[in-house]
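The values are calculated or read from the model by the stated rules, or taken from the named source; none is laboratory data. Since we're looking at a predicted model, the values are computed, not measured. So basically every Cβ, Gly included, is an ideal-geometry build from the backbone, and we count neighbours across all protein chains shown. In case anyone asks, the SASA skips ligands and DNA or RNA and just uses the protein heavy atoms, side chains included. Shrake-Rupley method; radii C 1.70, N 1.55, O 1.52, S 1.80 Å.
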Amino acid sequence: MKFLLAGALLMTASLQAQKAPAKKNVLKVMRLTNQYFMNKWPDPGKSIVTNRERPSNIWTRAVYYEGLMALYAIDKKKQYLNYAIDWGAKHKWGLRDGIQTRNADNQCCGQTYIDLYLMDKKEERIKDIKASIDLMKGTEKVDDWNWIDALQMAMPVFVRLGVIYNDTSYFSRMYEMYAFTKYKHGGNGLYNQAEKLWWRDKDFVPPYKEPNGANCYWSRGNGWVVAALVRTLQMLPKSDPHYNEYLQDYKDMLKALLPLQREDGFWNVSLADPTNYGGKELTGTALFVYGMAWGINNNIIDKATYRPVMLKAWDAMMKDCIHPDGMLGYVQGTGKEPKDGQPVTYDKIPDFEDYGLGCFLLAGSEMYKLK
């Protein structure tokens with residue numbers, strides 16, 4: 001009888017541990033963190049000044065708007081939509097460096113421009129981003145994405161254009177570029193097919209090693225790839241010849257992340273070396289939560305395996321990262337490896353506050369949908 005009772009208690013505890021957060025609580029924290037940012041940046045067209053001045057349609061801000069659009073999808077506040085439209089309008093729906101740019105960072109804003117076009121089909125919203133991608137498609141060059149962040153910045157743009165114009169050439173070119181990054185950049189590609197994780201760029205492929213002798217897998221970089229695959233699979237027709245490869249890469253990455261989660265629920269900035277600037281970090285963790293929650297919500301990955309991992313990570317962010325005024329702590333600044341933006345702490349304001357919030361809102365949008 002005693003053993004039966006103990007078993008029942010363990011089962012109850014297990015079920016409670018896997019209980020999804022209340023929707024109202026998820027929405028509350030998304031609203032709080034977003035309002036902090038909107039209050040800080042009342043003019044969405046204002047330039048960003050750090051070590052120098054940059055226009056506010058750069059990739060860091062574009063990632064924030066990805067998150068804002070995900071928030072708007074579950075919380076139809078007119079102020080969110082107007083804030084996004086105002087951002088696009090103040091940039092005349094243009095790209096940094098114009099339509100000639102091939103840089104994925106400059107094209108990231110196109111994701112939100114296109115999403116806003118789908119709500120109100122004003123040609124001005126889509127004209128420049130389409131022109132930029134069409135110019136790329138008009139060449140044979142496919143090696144532009146030589147750092148893995150680029151996958152998240154640009155792949156969802158190609159997918160959206162392919163769907164809108166019913167033109168599979170966008171999907172074909174996207175795959176050619178993805179495949180070059182995966183199989184060829186840095187010699188043999190930036191994807192380690194044995195360990196199912198990605199080196200950030202050619203600077204980190206072997207023989208480069210972390211201090212503990214492991215491969216250098218940057219958390220946020222791999223988070224960008226997870227997000228790229230999610231945002232590609234969301235819209236790519238299942239009939240696409242490369243759909244299953246993207247899906248398999250997504251599943252393999254999530255599986256590789258399972259044993260690398262910290263005891264406190266976060267992932268280290270160096271996924272395979274906790275001794276190299278180990279510690280809590282929000283951006284990579286949020287992107288992994290986004291990927292896992294989306295997979296659970298769409299019955300793509302095993303709920304029993306991933307739900308506890310995802311909930312542990314979400315709870316860690318709730319407990320340790322949210323300031324009373326909505327600022328996010330433990331956000332690693334811009335860079336490409338563990339040492340960049342250090343130290344990563346609760347109180348430190350990173351060089352850009354926008355993309356960390358974007359990652360968090362993407363995660364929250366899928367956590368909100370959990371059953």
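Some observations on this one:
- Share of carbon and sulfur in the accessible heavy-atom surface of the chain [1.4 Å probe, %]: 53 percent
- Net +/- balance of residues flanking Tyr306 in space, Cβ distance below 13 Å, scoring K and R +1, D and E -1: +3
- Whole-Hz couplings from phi, Karplus 6.51/-1.76/1.60, listed for segment 93-102; x for Gly and Pro: 6, x, 10, 4, 6, x, 6, 6, 4, 10
- By the rule of a C-alpha distance below 16 Å, with chain neighbours fewer than 8 residues away ignored, the aspartates and glutamates paired with Lys255 are Glu195, Glu245, Asp302.
- Options Gln18, Val344, Phe171, ranked by Cα towards positive dipole end of the chain, top entry (Cβ charges): Gln18
- For segment 105-182, chymotrypsin sites (Phe, Trp or Tyr not before Pro) are listed when DSSP marks them as loop and at most 14 other Cβ atoms sit within 10 Å of their Cβ; the list is Tyr165.
- Farthest toward positive dipole pole in segment 78-220 [+1 Lys/Arg, -1 Asp/Glu at C-beta], among Ala154, Cys216, Ala194: Ala154
- Charge dipole of segment 104-164 (Cα centre as origin; +1 on each Lys and Arg Cβ, -1 on each Asp and Glu Cβ, all else neutral): 260 debye, rounded to the nearest 20.
- Dipole size of the chain about its Cα centre, with +1 on Lys/Arg Cβ and -1 on Asp/Glu Cβ: approximately 1040 debye, rounded to the nearest 20.
- Modelled spin-label separation between Ala73 and Glu123, with each label point placed 7 Å from Cα along the Cα-to-Cβ direction: 2.9 nm.
- Averaged per residue, the chain has 42 square angstrom of accessible surface, using a 1.4 angstrom probe with ligands and nucleic acids left out.
- Counting only residues at least eight positions apart within a chain, or on another chain, the lysines with an alpha carbon under 24 Å from that of Lys137 are Lys92, Lys121, Lys122, Lys127, Lys182, Lys184, Lys238.
- Computed from point charges on the beta carbon alone (+1 for Lys and Arg, -1 for Asp and Glu), the dipole magnitude for segment 253-371 about its Cα centre is near 540 Debye.
- The angle between the Cα long axis of helix 243-257 and the longest principal axis of the Cα atoms of the chain comes to about 40 degrees, rounded to the nearest 10.
- Counting lysine pairs in segment 272-371 that sit 8 or more residues apart in sequence, or on different chains, and whose Cα atoms lie under 21 Å apart gives 14.
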